[in-house]
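Colleague: Below is a structure I'd like to ask you about.
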Amino acid sequence: MKTSQAYYDAKTKSYWYMPLGKHEGELIPRLLFTHPHYINWCLHNMTEGVGVKAVGSIKYFIGLFDRRPARIRCQGRPGCRERARYLAVKPAVKLAHPKYVCSRCVPEVKGYGLIETYGEALEFVEKYCRGSIVEFSKVIKYLSQGKGWRDKGKTTDMKVIRFFGLNGNHNR
């Protein structure tokens, strides 16, 4: 395991980079976007040693993600000008046709599952999509787009750092 200070930020008491495992050395916030199925696995299976600290870091970055406000307008009712609060998706094995809705328009999306946080998105995929790797990626893509993520190309560390509002001084 690499133990350099760049892997651990004493100020936030969290690892910026995955300290062990399959994705060792990769930026944790980037893994939230690119490998949500792996993040889900870590949350359920890393229970000892450095794994516990890595899960703490994952939860820290998930918290940053969840606190980021929605940037998209509600799609619940025609003419609604509120900011969306929820991602609404139909409970099905394959996710399709997501909607973004505000609190007042929730009754307009009957039969949809409402997702507000990263953790809720992971639980939704486990429950309704049989833990499909593809569906983990889709639901996180939809949720992050609602929060303003516009990544049309390669997901770079700097794009991710800017999205999370982190200081760019993360040299390894």
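Colleague: Could you pull the Rg and Dmax for the range 126-167, using just the Cα atoms, both in Å?
Modeller: Calculated on Cα positions, Rg and Dmax stand at 12.4, 37 Å.
Colleague: Also, quick follow-up: List the relative contact order of the range 86-146 as a percent without decimals, with contacts defined as Cα pairs under 8 Å and 6+ residues apart.
Modeller: Value for the range 86-146: 37 percent.
Colleague: With +1 on each Lys and Arg Cβ and -1 on each Asp and Glu Cβ, how big is the dipole of the chain about its Cα centre, in debye rounded to the nearest 20? Intermediate values should be presented prior to the final figure.
Modeller: Working: 31 positive and 14 negative charges, 154 e Å.
So the dipole magnitude of the chain works out to roughly 740 debye.
Colleague: When N is the residue count of the chain, what does its C-alpha Rg come to as a fraction of 2.2 N^0.38 Å?
Modeller: In units of the 2.2 N^0.38 Å rule of thumb, it is 1.08.
Colleague: Report, to two decimal places, the Cα Rg of the range 62-130 normalised by 2.2 N^0.38 Å (N = number of residues).
Modeller: 1.10
Colleague: Can you tell me how much longer the chain between Arg130 and Lys152 gets when fully stretched, taken as 0.36 nm per residue apart minus their C-alpha distance, in nm with one decimal?
Modeller: Values: separation 22, 0.36 × 22 = 7.92 nm, distance 2.77 nm.
Stretched fully, the Arg130-Lys152 segment lengthens by 5.2 nm.
Colleague: I'd like the trypsin sites (Lys or Arg not before Pro) in the range 125-158 restricted to DSSP loop residues with at most 13 other Cβ atoms within 10 Å, sorted by number. Write out the running numbers ahead of the final one.
Modeller: Details: sites: Lys127, Arg130, Lys138, Lys141, Lys147, Arg150, Lys152, Lys154; in loops: Arg130, Lys147, Arg150, Lys152, Lys154.
For trypsin sites (Lys or Arg not before Pro) across the range 125-158 that sit outside H, G, I, E and B with at most 13 neighbouring Cβ atoms in 10 Å, the list reads Arg130, Arg150, Lys152, Lys154.
Colleague: Taking K and R as +1 and D and E as -1, what net charge do the other residues with C-beta under 10 Å from the C-beta of Tyr112 add up to? All intermediate terms of the calculation are to be shown ahead of the outcome.
Modeller: Numbers: positive: Lys90, Lys99, Lys110; negative: Glu108.
The answer is +2.
Colleague: Name the residue farthest towards the positive end of the dipole of the chain from the options Leu20, Tyr60, Tyr118, assuming +1 on Cβ of Lys and Arg, -1 on Cβ of Asp and Glu, about the Cα centre.
Modeller: Checked the options; the winner is Tyr118.
Colleague: Across the range 98-172, how large is the tail of the calculated P(r) beyond 18 Å, expressed as a percent of all Cα pairs?
Modeller: Across the range 98-172, Cα pairs with separations above 18 Å total 53 percent.
Colleague: Which whole-number percent is the relative contact order of the chain (Cα, under 8 Å, 6+ apart)? All intermediate terms of the calculation are to be shown ahead of the outcome.
Modeller: Numbers: 250 pairs, mean separation 36.7, N = 172.
With pairs under 8 Å counted, the relative contact order is 21 percent.
Colleague: Also, quick follow-up: Mean-square fluctuation check for the chain, GNM, Cα pairs under 10 Å: which of Val125, Val139, Val52 is largest?
Modeller: Among Val125, Val139, Val52, the largest mean-square fluctuation in the Gaussian network model of the chain belongs to Val52.
Readers should treat all values here as calculations from the given coordinates under stated rules, not as data from a laboratory. Just so we're clear, the structure is a prediction, and the values are computed from it rather than from any experiment. When we count neighbours, we look across all protein chains shown, and the Cβ atoms used for this are built from the backbone with ideal geometry, even at glycine.
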